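The values are calculated or read from the model by the stated rules, or taken from the named source; none is laboratory data. Because the structure is predicted, anything quoted here is derived from the model rather than measured. Quick reminder, even Gly has a Cβ in these numbers, built from the backbone with ideal geometry, and neighbours come from all protein chains shown.
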Amino acid sequence: MAEVLVREANERGDYDACVRLQREVWGLSDLEITSAIQLAATVHAGGLLLVAEAPGQGAVGFCYAFAALRGGVPHLHSDMLAVQPSLRGHGVGRRLKWAQREEALRRGLRLVTWTFDPMRAENARLNLRHLGAVSRELLPDFYGETTSALHHGLPTHRLLVRWELDTPRVTRRAAGEPAGEPAAAPGSAPLVYDVTWCDGLPVPSPAHLGLTPEELHLEVPADWDAVCRADAGLAREWQEAVRRAFEGLFANGYTAVDCLSVGRSARYVLRKDAG
């Protein structure tokens, strides 16, 4: 959407719009919403809040990050990215993230981190495939149970991604170069576990964590919400299978570098000792 303007937030009206969008996108209770006062203080202290505006609609998205020092390296931790539901799939989220990168580099920063739900294949493709971020760490039940309907009352396991802003991988994505194909095509790379289908729902098998090839694929449902609505027990089984798999693979030197769409599923691409 070329007509969408992305700019830095600079007044109370911007912060109030971001509060509105939090309610609209996540359906959070007021207790769990980041307030306008907190947003203003974060921006003043060196954080970054970008707002996406559409003609005649005002703010339709935002990207919020605060200054971070985890690991002793100054960087931004991007805590929220929200896009109005009616405009999802139109590239607004990507516009916000690339603007975030540009501003971070202008400030002399080379790293942005954030977390996302590993069961959300669409988010994985944005983060790993399109933006060029990577992940080597899983944070179990990071937020605990939340009031958001999007979380289905489940544990909030999260992958932590690192966006190394000036690496060749990310620089090529920023220039519009599409992600390349994985070294092993879907169907030929070893799978961390097999998936069977029962009554239209995917069911994971026990993981094969003894595998040690250079590249592995890890499958997740393409439509996570459908699994959660149909069978809460199966959703928890999936969550635990994926959590255990990622924890074991990261401990063995693998890095999540991509996410592919494969029919009714999505497959993470993990590479041994990837930079």
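Checked against the criteria, V242 counts as under 13 Å from Y193 (Cα atoms) and either of a type outside the set (G, A, S) or in contact with a Ser or Thr (Cβ under 9 Å, 6 or more places away or on another chain) (or both).
What about V92, is it outside the structural domain of G61 (by TED's automatic domain parsing) and either buried (at least 21 other Cβ atoms within 10 Å of the Cβ) or touching a residue at least 12 places away in the same chain (Cβ under 8 Å) (or both)? Judged against the criteria, V92 is not a match.
For Q57, indicate whether it is loosely packed, with under 13 Cβ neighbours inside 10 Å and within 18 Å of L96 (Cα to Cα). Please lay out each step first, then the result.
On the way: loosely packed, with under 13 Cβ neighbours inside 10 Å: yes; within 18 Å of L96 (Cα to Cα): yes.
Yes; evaluated as a whole, the condition is true for this residue.
Taking segment 1-22 as the range and being within 16 Å of R88 (Cβ to Cβ) and of a type outside the set (V, I, T) as the test, the residues that pass are M1, L21, Q22. Among the conditions (1) in contact with a helix residue (DSSP H, G or I) (Cβ under 8 Å, 6 or more places away or on another chain); (2) surrounded by fewer than 17 Cβ atoms within 10 Å (Cβ to Cβ); (3) more than 28 Å from L154 (Cα to Cα), the only one that V51 does not satisfy is (2). Among the residues that make up segment 222-243, is at least one of them in a strand (DSSP E or B), surrounded by 21 or more Cβ atoms within 10 Å (Cβ to Cβ) and touching a Leu at 6+ places or on another chain (Cβ under 9 Å)? Looking for residues that are in a strand (DSSP E or B), surrounded by 21 or more Cβ atoms within 10 Å (Cβ to Cβ) and touching a Leu at 6+ places or on another chain (Cβ under 9 Å), one finds none in segment 222-243, hence no. Of A36, A68, A82, A41, all but one fail to be out of contact with any helix residue (DSSP H, G or I) (no Cβ under 6 Å at 6 or more places or on another chain) and in contact (Cβ under 8 Å) with a residue 12 or more places away in the chain; the exception is A68. Would you confirm, using the coordinates I've provided, whether L270 is of a type in the set (A, V, I, L, M, F, W, C), more than 21 Å from the chain's Cα centre (by Cα), crowded, with 17+ Cβ neighbours inside 10 Å and at pLDDT 95 or above? Criteria not met by L270.
Being touching a residue at least 40 places away in the same chain (Cβ under 8 Å) and either closer than 14 Å to P118 by Cα or touching a His at 6+ places or on another chain (Cβ under 6 Å) (or both) is a condition met by no residue of segment 199-212.
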